[in-house]
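Accompanying notes for the structure given below.
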Amino acid sequence: MLLAAARQKEFLPPPLNFLFPKTARSCDINPMPLVVRPSPIHSVGVYASARIRKGTRVLEYVGPRISPEEADRLYEGAPRTYLYGLEDGKTVIDGVGLGAYLNHSCDPNCEIDEIKGRVWLFAIRDIDAGEELVWDYNLYDDDDPAPCHCGSPKCRGTMYSREWLAKLRRKAAHKEKLKSTTAGSKRNSIRKKSREAAA
């Protein structure tokens, strides 16, 4: 009442009602105590500065969403990328922020999960303060070398998924089988021609 009366006496404008447009999704502030510093695995990594419990949502993998074709065009010949292909197969996240700095390990302490179109990293075991956060990239859909330097006793020597490696082995075995079949056919054809020539 007093404020309204004071406004009338001083001819103050009415208080402004700020209208903020509702965004598509709420702003999530990551309270997780993380730090980026040099990593023995590769360049830099993300480290926990406090204990993280198993099952904790650690951070969101964010960045512009682009098509696989656009990603190929943008990063052709690039020595490294921070791309994450969504399960729909039509969208790739061009990673920025902390998520892009998590390194690969064949013995990860985090895993990735898509929830309602967003990509989150979760702790799959308790992570101690000072420990580097790592996840298994499980790369696929490429033949280029992707050596792993995680140093884990469980290291498989590559960042490709076991499934993709099995597919590549089957493809190589099939190619080798075709090659030996073709070579055998050529040898038989040559023997047949030489017998015909001798007769």
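The numbers here are math on the coordinates, done by the rules we state, and not lab data. Predicted, not measured: the structure shown is a model, and the values here were computed from it. Methodologically, a virtual Cβ is constructed for each residue, glycine included, from the backbone with ideal geometry; neighbour enumeration extends over all protein chains shown.
Structure summary
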quantity: ³J(HN,Hα), Karplus 6.51/-1.76/1.60, whole Hz, each residue of segment 35-51, x for Gly, Pro; calculated: 9, 9, 7, x, 10, x, 6, 6, 6, 10, x, 9, 10, 7, 9, 8, 4
quantity: Longest to shortest principal axis, alpha-carbon extents of segment 28-160, angstrom; calculated: 40, 35, 22
quantity: Placed amide H near Gly97: partners under 5 Å, 5+ positions off or other chain; calculated: none
quantity: Packing-based exposure ordering (other Cβ within 10 Å, fewest first) of Leu133, Leu74; calculated: Leu74, Leu133
quantity: Interchain or long-range residues, amide H under 5 Å from Asn103's placed H; calculated: Val46, Trp135
quantity: Ranked list, fewest to most other Cβ atoms within 10 Å of each Cβ, for Asp94, Asp143; calculated: Asp143, Asp94
quantity: From phi via Karplus (6.51, -1.76, 1.60), per-residue ³J(HN,Hα) for segment 81-93 in Hz, x at Gly/Pro; calculated: 9, 10, 8, 10, x, 6, 4, 5, x, 10, 10, 10, 8
quantity: For Glu70, Glu176, order by how many other beta-carbon atoms lie within 10 Å, fewest first; calculated: Glu176, Glu70
quantity: Point-charge dipole on Cβ atoms (K/R +1, D/E -1) for segment 68-178, about Cα centre, debye to 20; calculated: 580 debye
quantity: Amide H partners (placed H, <5 Å) of Val119, local residues excluded; calculated: Tyr61
quantity: Estimated distance in nm for a label pair at Arg156 and Thr81, the labels positioned 7 Å out from Cα along Cα-to-Cβ; calculated: 2.0 nm
quantity: Cβ-derived FRET efficiency at R0 22 Å, Thr56 paired with Glu114, nearest 0.05; calculated: 0.80
quantity: Table column - 3J(HN,Hα) (Hz), segment 94-101, Karplus curve with 6.51, -1.76, 1.60, x for Gly and Pro; calculated: 8, x, 9, x, 4, x, 5, 9
